[in-house]
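All remarks here apply to the structure that follows.
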Amino acid sequence: MTKAGQAASRGTSKVSFARRFANWRLHHRLARRDTLGRMGRHWVSTLLTVLVMGVVLSLPAALSMGVLTLDAALAEVDRGDSITVMTHDSVSLAQASKLSEELASLALVESVSLVSKEQALTELSQWLGLSPEVLASLGNPLPHSISLRLTSTQPEALQAVTDQLANNPFVADVLLDMEWLTRLQSIALFGERLLWAFVAIALLACLLIIGNTIRLAVENRRQEVLVTKLVGANNAYVIRPFLYTGFAYGAAGGLVALLIAYSVKYWLGGPIEALANSYQAPNFALRFPIPLALGLLLTAVVLGIVGAWVSARRQLKLIEPR
Amino acid sequence: MIEFDRVSKRYDSGRDALRELSLFIEPEELVFLTGHSGAGKSTLLKLIMIMERQTRGRVIVNGNDLQAVKGGGIAKHRQDIGVVFQDHQLLYDRSVYDNVALPLLICGFEHRDIGRRVRAALDKVGLLDKEKSNPEALSGGEQQRVGIARAVASRPKILLADEPTGNLDPALSAEIMALFRAFSRAGVTVLIATHDLALISRMQHRILTLKDGALVTGGGRD
Ligand SMILES: Nc1ncnc2c1ncn2[C@@H]1O[C@H](COP(=O)(O)OP(=O)(O)OP(=O)(O)O)[C@@H](O)[C@H]1O
Ligand SMILES: [Mg+2]
């Protein structure tokens, strides 16, 4: 056989790109078939691994549902009158109303409402159950007051407006109603941090699960891997079925997590709706948006592939002579 | 072409399997490798396959210094070599056909071509009727012949065989040897490790004799 004839018949060197691509696709198809076959044959352990992954991933999913819902609730909650400004006794109603107009023009202020000292007295008398005349005869100690509703409920925004008001000569006192807001925001922040902690833990757990599963798989197929390499397979070839295995575990685990998350949403949906109705907040509902679901699935798949790759590479290095 | 230049191999256990071994094998040459058990025959073949690395010296195969062959290059290098292992090294989770087809698949032969070559190789070792069997269901000699079929199916440039006739009766052994000889005539470098002195002494080919890892006869270019 001539050298040229040999090269052509052996098909390893000097083969067309199309041929190599077709071959590459064939190898992928075989790896997929091999992976599916194996997972089917060991369906119990496959199922268990998938369920464990699904459960682990469903924890951050459920928690993110809670955090998103809480965030939405915070935005939804009637902001009320976040700041109340009391004027000095000497300030006239005209001056107070001019001040309120000035305040209304501030960027952070959404709306203002002016309560004159007479209105305040009337309200107070109603509240006390006394006639306004009786109270008025005692002299009206109440100031004019301006209630501000802000465009933002961030504590920083409230503080900025408060500082600005404190320097105004007409203003006697500024009452902040931000305690509850701060508290609510702390809870939201806590929820968010908790979520990220859970996300980190779940990612790590999934990597470990996949890594260990693949490690065992490579170990079980050690002989096959060695022989395949001895007859000329490169690492990419022997790793390919394991990558598909990781992909399959990731995708299936992600789907299980979604199933759990949507079940939780459905299960909690009724009580939440009843709660929302009782607070007359019809938009308040559990949130688990589609992008989040897709993100979860994608993350699971990436985790599966990355975990499988790292683990298989490591294991191959171990069974190779250097 | 295979060249060893003062090659030594010491295993991690401290055992010197090869000592200062030099040899040269031409392309198209058929050479026998013999020696007592533990003389280092398998070790020598493993160095050519890069299953082990020499401790000292140089191994050159088809003009490539193997010390420089690494990573993906090892796979490429092995695709050019057909090997019959002393312990068969078949895969028992698939049929005889799939075992023989494995190297062809890896090398990237076309589908139709693979079928043709696998059957031709199985035919040469007399196992055409067993292509659907599992290797586990075959006798030791039959498994060995599956290993031979796998080694020759891709018509490699180099053929290494470690005790290929160890489990075969004399008639079959002679047939297999004739097969190897045909390969060397077709331009393949063939190196066969064997204990079967009676068989090889009749065959008029160069014989390398190893003793405790050192070459006793046959190393030169004649
Ligand atoms: N992986 C290994 N680790 C340590 N020592 C080894 C290893 N492989 C072989 N040896 C030693 O190296 C020496 C040569 O072994 P090798 O397998 O090359 O002999 P051989 O000539 O093929 O023998 P046989 O005819 O019995 O197959 C032996 O003494 C053996 O104990
Ligand atoms: Mg041996």
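We did not get these values from a lab; they are worked out from the coordinates using the rules stated. Because the structure is predicted, anything quoted here is derived from the model rather than measured. No Cβ is skipped: glycine too gets one built from the backbone with ideal geometry, and neighbour counts run over all protein chains shown.
A Cα-only calculation for chain A places Rg and Dmax at 34.0, 125 Å. Projecting the alpha carbon convex hull of the protein assembly as shown along each direction and taking the average yields 38.7 nm².
Starting from the range B:172-222, pick out the trypsin sites (Lys or Arg not before Pro) whose DSSP state is loop and whose Cβ has at most 13 other Cβ atoms within 10 Å. Don't skip to the answer; put the middle values down first.
Numbers: sites: B:Arg181, B:Arg185, B:Arg202, B:Arg206, B:Lys211, B:Arg221; in loops: B:Arg202, B:Arg221.
Hits after loop and neighbour filter: B:Arg202, B:Arg221.
The 3J(HN,Hα) values that the Karplus relation (6.51, -1.76, 1.60; θ = phi - 60°) gives for the range B:51-66 are, in residue order, 7, 9, 10, 5, 7, 9, x, 10, 10, 10, 10, 6, x, 9, 6, 5 Hz. Gly and Pro appear as x.
Apply the membrane-span-like helix rule to chain B: whole DSSP H runs, Cα extent along the own long axis of at least 15 Å, mean Kyte-Doolittle hydropathy at least -1.0. List the helices found. Don't skip to the end; give the middle numbers.
Numbers: long enough: B:96-107 (18 Å, 1.56); B:111-124 (20 Å, -1.17); B:140-152 (18 Å, -0.32); B:170-185 (22 Å, 0.69).
The qualifying helices are B:96-107, B:140-152, B:170-185.
For the range B:48-127, trypsin sites (Lys or Arg not before Pro) are listed when DSSP marks them as loop and at most 14 other Cβ atoms sit within 10 Å of their Cβ; the list is B:Arg53, B:Lys70. Within the set of other residues whose C-beta is less than 14 Å from the C-beta of A:Leu195, count the net charge using Lys and Arg as +1 and Asp and Glu as -1. Residues near A:Leu195 contribute 0 overall. Only Cα pairs under 8 Å and 6+ residues apart enter the sum, and on that basis the relative contact order of the range B:74-222 stands at 27 percent.
Tell me, which longest segment in chain B has none of the GluC sites (Glu not before Pro) that fall in DSSP loops with at most 16 further Cβ atoms within 10 Å? Walk me through the numbers before you get to the answer.
Details: sites that count: B:Glu28, B:Glu110.
Longest site-free region, per DSSP loop and neighbour criteria: B:111-222.
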